[in-house]
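Encoded as structure tokens, the structure appears first; notes follow it.
Here, each number is a calculation from the coordinates, and none is a lab measurement. Remember, predicted model here, so these are calculated numbers, not experimental data. Note: ideal-geometry Cβ built from the backbone for every residue, glycine included; neighbour counts use all protein chains shown.
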Amino acid sequence: MTVAANDPPPASEAKRGFFVVFEGGEGAGKSTQVRALAEHLMGVGQQVTLTREPGGVPSAEAIRALLLDPANTAVDPRAEALLFAAARAEHVAGLIAPALQRGDVVICDRYIDSSVAYQGFARGLGAEQIADISAWATDGLLPDLTIVLDIDPQLGLIRAGRVSATPDRMEQESLPFHEQVREAFLHQAGLDPDRYLILPADDDPQKLAREIIGEINRRLLAHG
């Protein structure tokens, strides 16, 4: 079988899984790009596991409901960080790690960088401390590629409001909070540029999808 330069290897030839994470502020359009990438990869025969954080498995989905419920306004920041880490531990053990062992391409909407951005930076708990908690919770599992959809927080919150009539706890935070989240994602990407792809979220969605698919195809070929 001949494989074109920009096509990923057939699923039957994949030797191990590949872990892709989408990050970005509220309203960045992550779900749109997650679906577009998943549809492309499944269309060329890849095994794909599509998931999100917090969530992915029943226990983590239950934690998600608690964390994002706008009625829970008095959650202590440290408790919030630990709940995200607990959900992530369940998610990795119950879904992500097994899928990678099968050789799947795992596509996840949010992962460790979200905790570093929201709890470490915006909540002021410390990026290193939050990263350490998540590293322990996940047994050190990092994505092969993290795609950051960068968006101006004001625009992002407007977009998020169009999608949801009832903002969740994170969407209800102040503009300065979300500005810190944006800075945190860009800071994290700058620490390890080979493992990140930063794209402007206000670009045409189809153009973004083409760029993302092209990058994933190249990395899957290199991954083997």
* To do: Taking H placed 1.01 Å from N in the peptide plane, check which residues at least 5 places from Ile198 or on another chain put their amide H under 5 Å from its amide H.
  => Val148
* Asked: Can you give the Kirkwood hydrodynamic radius of the stretch 116-224 from its Cα pairs, in Å with one decimal?
  -> 15.6
* Please state, as a whole number in µm²/s, the translational diffusion coefficient that the Stokes-Einstein equation yields for the stretch 17-223 at 37 °C and 0.692 mPa s, with Rh defined as the Kirkwood radius across alpha carbon pairs. => 192
* Rounded to the nearest 500, what is the chain's calculated 222 nm mean residue ellipticity when only DSSP H runs of at least 4 contribute -39500 (n - 2.57) each, over all residues? -> -15000 deg cm²/dmol
* Asked: Taking the Cα atoms of the stretch 136-200, what is the range of coordinates along each of the three principal axes, in descending order and whole Å?
  -> 36, 27, 20
* Asked: Assigning unit charges at the beta carbon (Lys, Arg +1; Asp, Glu -1) and nothing else, what dipole magnitude in debye, to the nearest 20, does the chain show about its Cα centre?
  -> 480
* When Thr32, Thr73, Thr138 are ordered from fewest to most other Cβ atoms inside 10 Å of their Cβ, what list results? -> Thr73, Thr32, Thr138
* **Exposure proxy order (Cβ contacts within 10 Å, fewest to most) of Arg218, Arg110** => Arg218, Arg110
* Asked: Under a GNM of the chain (C-alpha, springs under 10 Å), which listed residue has the highest mean-square fluctuation: Ser174, Ser115, Ser31?
  -> Ser174
* **Square roots of 5 times each gyration tensor eigenvalue, C-alpha, the stretch 89-160, largest first, Å** => 24, 18, 9
* To do: List, in order, the whole-Hz ³J(HN,Hα) value for each residue of the stretch 128-142 obtained from phi through the Karplus relation with A = 6.51, B = -1.76, C = 1.60 and θ = phi - 60°; use x for Gly and Pro.
  => 5, 5, 5, 4, 5, 4, 5, 4, 5, 5, 9, 6, x, 6, 10
* **Farthest positive-ward along the stretch 17-223 dipole, Cα basis, beta-carbon charges - from Ser174, Gln129, Val48** => Val48
